[in-house]
Amino acid sequence: AMRDSLLNYLLQRHASLPAFVSTKLAKVIVDIGKFDWPQRYPELLPRIHAAITQASTASAGLVLLRLLLEEFSDARGDVPSARAAEIRMQIHSHVIQIRQLLFEVLQHCLAGGGG
């Protein structure tokens, strides 16, 4: 699917892309998620999680997660109100996992493992 190709492209080339291109590409992926996640795009969060846990894709994964949290927590203008409420409810069900992931990233950084 196109969304998988976009995500793969971002993860593989994040370090070599200009920052504005990388951010725009991440925004497109998150926007697709607003309409497709979790029913038609259940792998979105697991793919972001996996990206964050790998050194070569951690930066891109963190950009995706930041945009996803920003956009999903305030999706009112882009999607119907019922869908926006559904997105917020779904993302809230993942808050503990996201918090744990970010805690692990911070521990790794503080232990001198870099970003």
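For the stretch 47-86, the ratio of Cα radius of gyration to the globular rule of thumb 2.2 N^0.38 Å stands at 1.42. For the chain, a crude dipole built from +1 on the beta carbon of Lys and Arg and -1 on the beta carbon of Asp and Glu, taken about the Cα centre, is about 100 debye to the nearest 20.
Cα-based values for the stretch 11-53, radius of gyration first and Dmax second, are 11.3, 32 Å.
With a ≥ b ≥ c the root eigenvalues of the C-alpha gyration tensor of the chain, is it rounded (a/c under 1.5), prolate (a/b larger than b/c) or oblate? Oblate is the answer for the chain, as a/c is 1.5 or above yet b/c matches or exceeds a/b. Taking packing as the residue-averaged number of other Cβ atoms within 10 angstrom, the listed peptides 31-42, 79-90 run from highest to lowest as 31-42, 79-90. Structure remark: mean-square fluctuation, Gaussian network model of the chain, C-alpha springs under 10 Å; the largest value among Leu62, Leu102, Leu17 belongs to Leu17.
Of the heavy-atom accessible surface of the chain (probe 1.4 angstrom), what whole percent is carbon and sulfur?
Working: 4100 of 6690 Å².
Carbon and sulfur together cover 61 percent of it.
Using a probe of 1.4 angstrom and keeping all protein chains present, the accessible surface of the chain works out to 58 square angstrom per residue. A cut-off under 15 angstrom between Cβ atoms defines the neighbours of Leu25, and their net charge, with Lys, Arg +1 and Asp, Glu -1, is +3.
The values are calculated or read from the model by the stated rules, or taken from the named source; none is laboratory data. A quick note: this is a predicted structure, and the numbers were derived from the prediction, not measured. Cβ sites come from the backbone with ideal geometry, for glycine too, and all protein chains shown count toward neighbours. Note: accessible area is taken over every heavy atom of the protein model, side chains too, but ligands, DNA and RNA are not part of it. Shrake-Rupley method; radii C 1.70, N 1.55, O 1.52, S 1.80 Å.
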